[in-house]
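To start, the structure under review is shown below, and the notes come after it.
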Amino acid sequence: GQNLLTLGDLSSGELETLLTLAQQLKAGDSSQAAKNRVLGLLFYKASTRTRVSFSVATYHLGGQVIDLNPQAMQVGRGEPIQDTARVLAGYLDVLAIRTFAQEDIEAFAHYAGIPVINALSDLCHPCQVLADLLTIKECFGGWEGLTLTYLGDGNNVAHSLLLGCALAGVNIRVATPSDYQPQSAIVQQAKKLASGSEIILTDDPKAAAEGAQVIYTDVWASMGQEDSAATRLPVFTPYQVNEELMRLASTDAIVLHCLPAHRGEEITEAVLESYQSQVWRQAENRMHAQKALLASVLG
Ligand code: CP
């Protein structure tokens with residue numbers, strides 16, 4: 001089966017094809033690509049957007065969904081992934097997994113032999129960035145010559161943005177506190193994938209925002225990092241997306257946030273609710289992008 005474990009699995013051409021299909025499906029083209037097919041959702045962490053958008057996308061494509069709660073399964077009591085994966089593959093046609101460890105998703109993909117989709121891991125969030133690139137394409141008519149500035153933690157979303165922007169040819173600036181930079185292996189991979197577009201890491205949020213068309217932020221302390229929230233918040237304060245920062249961006253700049261948002265932390269209420277904010281469109285686009293992804297992997 002064809003997997004999506006990281007955006008590094010895709011070529012620029014495949015990314016373009018996928019998002020063109022997403023636009024066609026959003027515009028009303030119908031597909032029954034998931035007819036008589038079943039998607040399993042194996043989510044070890046909470047989710048609103050990913051869970052619901054994958055479910056509805058599958059229904060729109062004529063398929064069905066099973067919610068596999070790991071706490072109610074033997075895998076939650078120690079049954080090995082290599083056994084669980086092969087058993088589930090006998091029932092399911094595609095499996096979307098949200099877990100803490102990228103290696104677990106890779107192990108499922110290795111043993112399952114059906115398409116496995118990364119629905120968020122510690123390393124990356126490829127489905128999120130498919131929707132982000134679709135949103136940027138809709139807002140600007142293309143990706144050529146654009147600059148996206150990501151501010152905050154060099155986390156899984158930052159990693160997928162680095163890879164996705166490199167593939168799409170969008171310039172990317174990642175502004176993080178110096179101790180919270182994205183992993184260098186991902187930065188190196190993005191640099192290899194980029195053909196001509198810029199990749200800049202900095203600790204200066206103002207310089208990073210200057211003239212950018214897309215301002216992007218994400219939570220400062222995510223699930224599993226609650227204990228370190230108190231030490232993280234003061235370090236991240238200069239990276240807040242607020243009206244002052246937005247004045248440095250391009251006059252036609254949009255604001256993206258993968259959500260859930262924490263008003264008064266990484267983004268202010270005023271910016272989140274401003275005319276520049278495209279976050280609701282971005283959240284809706286999760287469904288359109290994943291519909292294209294499901295149609296593609298179910299072939
Ligand atoms: N952005 C995102 O992945 O949202 P959920 O955690 O609600 O799925």
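The values are calculated or read from the model by the stated rules, or taken from the named source; none is laboratory data. Everything numeric here is computed off the predicted structure, so don't read it as measured data. Here Cβ is always computed from backbone atoms with ideal geometry, including for glycine, and neighbour counts include all displayed protein chains. SASA here: full protein model, heavy atoms, side chains in, ligands and nucleic acids out. Shrake-Rupley method; radii C 1.70, N 1.55, O 1.52, S 1.80 Å.
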Only helical DSSP H runs with n ≥ 4 go in: add -39500 (n - 2.57) per run for the chain, normalise by residue count and round the 222 nm mean residue ellipticity to 500 deg cm²/dmol. -12500 deg cm²/dmol
Tensor-based shape of the stretch 25-181 (alpha-carbon gyration tensor, a/c under 1.5 rounded, otherwise prolate or oblate): oblate
Report in % the part of the accessible area of the chain that belongs to carbon and sulfur, leaving out ligands and nucleic acids; probe 1.4 Å. 48 percent
At 20 Å minimum axial length over the Cα atoms and a Kyte-Doolittle cut of 0.5, report the qualifying DSSP H helices in the chain, or say none. 126-140
Solvent-accessible area per residue for the chain at a 1.4 Å probe radius, Å²? 41 Å²
Cα-based equivalent ellipsoid, the stretch 142-299: semi-axes from gyration tensor eigenvalues, Å: 23, 18, 18
Please report how far the C-alpha centroid of the stretch 125-187 lies from that of the stretch 46-116, rounded to the nearest whole angstrom. 26 Å
When the gyration tensor of the chain is built from Cα positions, what are the square roots of 5 times its three eigenvalues, in whole Å, from largest to smallest? 31, 22, 17
Tell me which of Gln71, Val87, Ile136 sits at the most positive position along the dipole axis of the stretch 8-146, charges placed on C-beta atoms (Lys, Arg +1; Asp, Glu -1). Gln71
What is the Cα coordinate range of the stretch 90-197 on the first, second and third principal axes, sorted by size from largest, in whole angstrom? 46, 35, 22
Placing unit charges on C-beta atoms (Lys and Arg positive, Asp and Glu negative, everything else neutral), compute the dipole magnitude of the stretch 34-182 about its Cα centre in debye, rounded to 20. 400 debye
Note the direction-averaged projected area, equal to a quarter of the hull surface, for the Cα convex hull of the stretch 1-93, in nm². 7.1 nm²
Quick one: ranking Cys165, Cys139 by accessible area, 1.4 Å probe, largest first, what do you get? Cys139, Cys165
